[in-house]
């Protein structure tokens, strides 16, 4: 699995960012979000779910992976980042990244008390129009 890690090498905190359904890990919105977090002293690790990696390699679209694949990818990435950095980890994502963690991902992996912006989500870019009920 390919990853893109930016920010201070000695950061105490790392945010793992997952892309949205149509945006790769190096999309301009992801770059801007990572830059903002890096500027506060937080390391950012980005990755691509398997379907997005296939899009990058093959140059063709495809549907997002099924939920079990998305969840396992999150678990694998969290473990790899924790092992590689030794830092506290928080997870955030675009539409696919966020939905694949809803109620399932180990949100307790955060451990970011005292980190800049702890307890608040980083800025989100719109992923869909608001629904009217």
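Each row is one residue, and each column tells you yes or no for (1) in a helix (DSSP H, G or I); (2) within 20 Å of residue 8 (Cα to Cα).
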site	(1), (2)
32	yes, yes
41	no, yes
45	no, yes
63	no, no
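Within the range 71-88, residues that are on the phi < 0 side of the Ramachandran plot and outside any helix (DSSP H, G or I) have Cβ atoms under 9 Å from residues that are crowded, with 18+ Cβ neighbours inside 10 Å and modelled with pLDDT under 90 in these pairs: 88/109; 88/112; 88/115, counting only partners at least 6 apart in sequence or on another chain. Entry remark, the range 49-70: residues being in contact (Cβ under 8 Å) with a residue 24 or more places away in the chain and surrounded by fewer than 21 Cβ atoms within 10 Å (Cβ to Cβ) number 5 in total.
Within the range 17-30, the set of residues being buried (at least 16 other Cβ atoms within 10 Å of the Cβ), part of a helix (DSSP H, G or I) and without any contact (Cβ under 8 Å) to a residue 24 or more places away in the chain is empty.
The values are calculated or read from the model by the stated rules, or taken from the named source; none is laboratory data. Bear in mind the structure is a predicted one, so any value in this text is a computation, not a measurement. All Cβ positions, glycine included, derive from the backbone under ideal geometry; neighbour counts span all protein chains shown.
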